[in-house]
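Data first, discussion second: the structure below is written as structure tokens.
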Amino acid sequence: MNKVEIAGVQVSTDHFIDNQRVSSADTFEAHSAIDESLLGHVARGTQLEVDLAVAAATAAFPAWAALGAHGRFEILERLAHIIEARVEDLAAVETMNNGSLLEASRLRVMKRGGHNIHFFAQLAKDLPEDPKNEWDTEAAKNAHNSVRYDPAGVTALITPWNAPFMLATWKVGPALAAGNTVVLKPAEWTPFTASLLADFVLEAGLPPGVFNVVQGLGFEAGAALVAHPDVKRISFTGSVPTARKIAASAAQNLTPLSFELGGKSPFIVFNDADLELAIRNAVDQYDNCGQVCLSGTRLLVEDGIYDRFFEGFKAAVSQTKQGDPREARTVVGPLVTRTHFERVQGFVDRAVEAGAKLEFGGGVSPDLGGLYFQPTLFTNVPEDAEILSKEVFGPVLTLQKFSSESELVTLANNTEYGLAAIIFTKDQNRAERISSQLGAGTVWINCFYVRDLAAPFGGARHSGIGREGGHWSFDFYCDVKNVMHRHGTFA
Ligand code: NAD
């Protein structure tokens, strides 16, 4: 087995197919966001490895499906416990790779990985809930109406680099709990924690072929996987341009898909808001150096509170420590790679050229260098500047003023995205009125990032297709069947 040591943890750089480590003729490099050092050469999957993985997953499917939700629960619980026991290793490896904050990862994000597996394994046992036959016709009264959630088959799961382990388990959990088998293709910038997950799968005793990882590049391994005719579901989290390519490819086989895509979410502060709370949450939009799909990157503040918000926000950001993500006091870490850094810098440079006023930040931290892009804020942004509508996926916010609800709704909806919206107000009626008018899959009122696995998650407009979370995940990962039998017809 080919492996590397990252933060004291041994990590295989091979694929994981049919419970075996498999290498490739070629490799790709993966680096650390902390100092851009090379972490390892990782197996570069092609059509060959994708075919092997899909064949293994296809062969494993009937027996895994036949185990039933209760049989699968026992095995998946073991997996959840192993993840919980290895949270420290997972957090250390992920932080070295993508530069996410170690403390948050140890205390929350990696634990959520274990919980993702546990929650869906548990929920699958409670499916299905039969309809009540409330449609009062003669035929319906004389029949028993039931719903089956039958597994769909091989699922292709494709994940991004910003929260690789959490997002992988968010898909792997319901896919496996439903009785499907899995081929996971992690993002090429962050291949390592998916490889650790494969180790845990082996330790937990999942049968060969039930869970497979193919490492590789998007246009190569990813494209081969989503085009495979034996794949029955595609769940993808990533960018809109990639989603378009996957949708075009999936169209050939009419493979059902679930998309969780980018965002350009509004962060709205009304005159009556708790100002301190709003400012504290606004600073959180720089979390993970802005590499969070849900970030409220467009600060929209009502005119009566605008000046006080602006001064308070500037002061709070100046107190925010940027630095090594392994240090507990750090609040903002680095961007993920040099390529991504240049993309973010390009957005900032074009915003300046378009006439936006740079209030602070705008480039690399002079003290830290490397990929440590400073928290950045623009005001006076021209209405048609791309910085108001395109996702930067970095620590770059804009601040705009509004003076009426109708102006606010127009500004807030002025983007192709619709992932989330964040509202600060003490007026419940207004909060509900505005929520109903925003294109968004999630609306947070006087809070941010509060998540419940039982709730639906997804994006409106170009931020996604479909919903996952709670039973919505099973609506996607299963073939939902209606079965009716006429009373008194069985022997
Ligand atoms: P990306 O679209 O570049 O890549 C995502 C994944 O798709 C990677 O694994 C990549 O290898 C793969 N891929 C690339 N081309 C492919 C192809 N032709 N066929 C199949 N797979 C292919 O996105 P990224 O840069 O890794 O992630 C950042 C994006 O993800 C942002 O837009 C962010 O908002 C979004 N995101 C969304 C959510 C959400 O829940 N809505 C969560 C996290 C990130």
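The values are calculated or read from the model by the stated rules, or taken from the named source; none is laboratory data. Note that the coordinates shown come from a computational prediction; the quantities given were computed from them, not determined experimentally. Glycine gets a Cβ as well: all are built from the backbone with ideal geometry, and neighbour counts include every protein chain shown. Accessible surface is based on the protein model in full, side chains and every heavy atom, while ligands, DNA and RNA are left aside. Shrake-Rupley method; radii C 1.70, N 1.55, O 1.52, S 1.80 Å.
Details
- Pairs, first more than 13 Å from residue 158 (Cβ to Cβ) in the range 182-197, second near the ligand (Cβ under 7 Å from one of its atoms), C-beta under 8 Å, six or more apart: 189/161; 193/186
- Residue 283 crowded, with 22+ Cβ neighbours inside 10 Å, on the phi < 0 side of the Ramachandran plot and assigned by TED's automatic domain parsing to the domain that holds residue 341: no
- Filtered residue count, the range 421-476, keeping only those that are in contact with a strand residue (DSSP E or B) (Cβ under 8 Å, 6 or more places away or on another chain), of a type in the set (Gly, Ala, Ser) and over 27 Å from residue 108 (Cα atoms): 2
- Members of the range 179-190 that are over 15 Å from the mean Cα position of the chain (by Cα) and either open to solvent by less than 10 Å² (accessible area, probe 1.4 Å) or basic (Lys, Arg) (or both): 179, 180, 181, 182, 183
- Taken over the range 141-178, the criterion of being more than 16 Å from the ligand (Cβ to nearest atom), part of a helix (DSSP H, G or I) and open to solvent by 10 Å² or more (accessible area, probe 1.4 Å) is satisfied by 141 alone.
- Taken together, 138, 134, 129 contain a single residue that is at pLDDT below 95 and closer than 19 Å to residue 471 by Cα, which is 129.
- Test: residue 245 is outside the structural domain of residue 400 (by TED's automatic domain parsing), crowded, with 24+ Cβ neighbours inside 10 Å and on the phi < 0 side of the Ramachandran plot: no
- Remark: pairs (first residue in the range 248-270, modelled with pLDDT under 95; second residue near the ligand (Cβ under 9 Å from one of its atoms); Cβ separation under 8 Å; 6+ apart in sequence or on different chains) are absent.
- Condition met for residue 210 (more than 21 Å from residue 46 (Cβ to Cβ), free of Cβ contacts under 8 Å to residues at least 60 places away in the same chain, out of contact with any His (no Cβ under 8 Å at 6 or more places or on another chain) and away from the ligand (no atom under 11 Å from the Cβ)): no
- Test: residue in the range 37-49 that is over 26 Å from residue 20 (Cα atoms) and open to solvent by less than 70 Å² (accessible area, probe 1.4 Å): yes
Yes/no per residue for (1) charged (D, E, K, R); (2) crowded, with 19+ Cβ neighbours inside 10 Å; (3) within 23 Å of the chain's Cα centre (by Cα):
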position: 252; (1), (2), (3): no, no, no
position: 257; (1), (2), (3): no, yes, yes
position: 265; (1), (2), (3): no, yes, yes
position: 270; (1), (2), (3): no, yes, no
position: 273; (1), (2), (3): no, yes, no
position: 291; (1), (2), (3): no, yes, yes
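- Residue check for residue 44: more than 19 Å from residue 324 (Cα to Cα) and in contact with a Gly (Cβ under 6 Å, 6 or more places away or on another chain): yes
- Candidate set from the range 196-227 (those that are part of a loop (DSSP other than H, G, I, E, B) and open to solvent by 10 Å² or more (accessible area, probe 1.4 Å)); member that is nearest to residue 168 (Cα to Cα): 217
- Residues in the range 69-102 that are free of Cβ contacts under 8 Å to residues at least 24 places away in the same chain and open to solvent by 10 Å² or more (accessible area, probe 1.4 Å): 71, 74, 85, 88.
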